[in-house]
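Reviewing the structure listed below.
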Amino acid sequence: MSFNFHIELIQDGRAGKLYSFFINEEEHSEITKFLNNQEYIAYRSGSHYKGITAKLKNLVKNYGFEENKLEPIGHVGDGKFELKYGHLRLYCFWLGKGIAVFDSGGIKPPGTRTYQDDEILSAHVENLEFVRIKLDERLNDSVFVNEECYLEGNLTFED
């Protein structure tokens, strides 16, 4: 898998910086696509959507993105996390200092044990892993986390 992308700050809160990425110069970031998805908004009469967006707002405004506020997925220590409410999932990786980079997610079908068991969820996590690897290659070289906890540098990635 390979694609071009760029990372942008989506929401700057008192406690956390929410970043996401845009694939191949698309108009909307991955998290924006998730937040605007009518299927997710309507799922379970909107209760799961309201729950996950409330959690997200709380993290940005009050708590920050810390490891103990996000649920790890995959292998321990590989840096992937999920934010969940009911069956709705949103995936991210944590950069420390209150910074998280979010992908999209989706609805985890009942009876599904892990994201790997669902083609859509697995694809989002694979995209997230690709973005993380490319960003890690540049951290402390051409991309930095500044004193105010913002990403700076070349956040455009072309293969």
- Item | Hits in the range 139-159 - residues which are out of contact with any Asp or Glu (no Cβ under 9 Å at 6 or more places or on another chain) and either part of a helix (DSSP H, G or I) or among the β-branched types (Val, Ile, Thr) (or both) | THR156
- Item | Considering residues of the range 113-125 that are out of contact with any Lys or Arg (no Cβ under 9 Å at 6 or more places or on another chain) and either surrounded by 14 or more Cβ atoms within 10 Å (Cβ to Cβ) or among the small types (Gly, Ala, Ser) (or both) only, the residue farthest from HIS75 (Cα to Cα) | ILE120
- Task: Return yes or no: is ILE99 within 27 Å of SER2 (Cβ to Cβ), touching a strand residue (DSSP E or B) at 6+ places or on another chain (Cβ under 8 Å) and either surrounded by 13 or more Cβ atoms within 10 Å (Cβ to Cβ) or polar (S, T, N, Q) (or both)?
- Result: yes
- Query: Which members of the range 81-96 meet the condition of being in contact with a Gly (Cβ under 9 Å, 6 or more places away or on another chain) and either modelled with pLDDT under 90 or exposed (fewer than 14 other Cβ atoms within 10 Å of the Cβ) (or both)?
  - Reply: TRP94, LEU95
- Task: Could you please find all residues in the range 105-138 being over 18 Å from the mean Cα position of the chain (by Cα) and either in contact (Cβ under 8 Å) with a residue 24 or more places away in the chain or assigned to a helix (DSSP H, G or I) (or both)?
- Result: ASP117, GLU137, ARG138
- The condition from (1) in a loop (DSSP other than H, G, I, E, B); (2) in contact (Cβ under 8 Å) with a residue 12 or more places away in the chain that GLY77 misses is numbered (2)
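This table checks each residue for (1) touching a Phe, Trp or Tyr at 6+ places or on another chain (Cβ under 8 Å); (2) at pLDDT 95 or above; (3) surrounded by fewer than 17 Cβ atoms within 10 Å (Cβ to Cβ).
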{"site": "PHE22", "(1), (2), (3)": "yes, yes, no"}
{"site": "LYS33", "(1), (2), (3)": "no, yes, no"}
{"site": "SER45", "(1), (2), (3)": "no, no, yes"}
{"site": "ASN58", "(1), (2), (3)": "no, no, yes"}
- Flag if GLY98 is more than 25 Å from ARG113 (Cβ to Cβ), among the small types (Gly, Ala, Ser) and touching a residue at least 60 places away in the same chain (Cβ under 8 Å): yes
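The values are calculated or read from the model by the stated rules, or taken from the named source; none is laboratory data. Not measured: the values here are computed from a predicted model. As a convention, Cβ positions derive from the backbone with ideal geometry for all residues, glycine included, and neighbour counts pool all protein chains shown.
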